[in-house]
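Worksheet for the structure shown next.
Values in this text are rule-based calculations from the coordinates and carry no lab data. None of these values were measured; they are calculated from a predicted model. Cβ sites come from the backbone with ideal geometry, for glycine too, and all protein chains shown count toward neighbours.
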């Protein structure tokens, strides 16, 4: 199974020692991203609705960098600074993702590492399409016998 890092210029840059995402076989693992402007690195929006839009834009950009889309997402983890924001965030989320919706966990979290940040989302997608599939190394694993 081939695996490699996904780096999107249109997605928010990592704010620490992590990659934006990884492809491992048919799965894409996108790191937690927030409402960060990919050009200037600043926080976008004052409301949960604005921040949710930007956060999903950032997720989408990372997925698209390797040929996937929001429709390929199978699992989402959402961190809200205040669980009282759930209904308002969920309205935007329900519009941006399509039924059948991905499996999802939403929790309250301390997002104080970025002052003013109300939301962070990470996801897992399943997509056989890859922009790098022809370039990715073809790895084979032989178990119990030698290859000829």
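Considering helices alone, the calculated mean residue ellipticity of the chain at 222 nm is -6000 deg cm²/dmol, with DSSP H runs of length four and up weighted by -39500 (n - 2.57) and normalised per residue.
Please rank 113, 79, fewest neighbouring Cβ atoms within 10 Å first, as an exposure proxy.
113, 79
Extension gain, residue 101-residue 69: 0.36 nm per intervening residue step, less the Cα-Cα distance, totals 10.2 nm.
Taking the longest Cα principal axis of the chain as reference, the axis of helix 48-64 is set at about 10 degrees.
Here, segment 3-126 is characterised by an Rg to Rh ratio of 0.93, where Rg is the alpha-carbon radius of gyration and Rh the Kirkwood radius. Normalised by the number of residues in the chain, the mean separation of alpha-carbon contacts (under 8 Å, six or more apart) gives a relative contact order of 30 percent.
Taking 73, 44, 128 in turn, the Gaussian network model of the chain (Cα-Cα springs below 10 Å) assigns the largest fluctuation to 128. Among 14, 115, 35, the largest mean-square fluctuation in a Gaussian network model of the chain, built with springs joining Cα atoms closer than 10 Å, belongs to 115. In this simple spin-label approximation, residue 50 and residue 129 carry label points 7 Å from Cα along the Cα→Cβ vector, and these lie 3.2 nm apart. Taking the 0 to 90 degree range and rounding to the nearest ten, how far is the long axis of helix 86-96 tilted relative to the main principal axis of the chain, both from C-alpha atoms? So the helix axis and the longest Cα principal axis differ by about 50 degrees. For segment 10-81, averaging the sequence separation of C-alpha pairs within contact (under 8 Å, six or more residues apart) and dividing by the residue count gives a relative contact order of 30 percent.
Comparing 34, 84, 11 in a Gaussian network model of the chain where C-alpha atoms under 10 Å apart are linked, the largest mean-square fluctuation is found at 84.
Label reach from residue 10 (point 7 Å along Cα→C-beta): in segment 40-83, amide nitrogens under 12 Å belong to 57-70.
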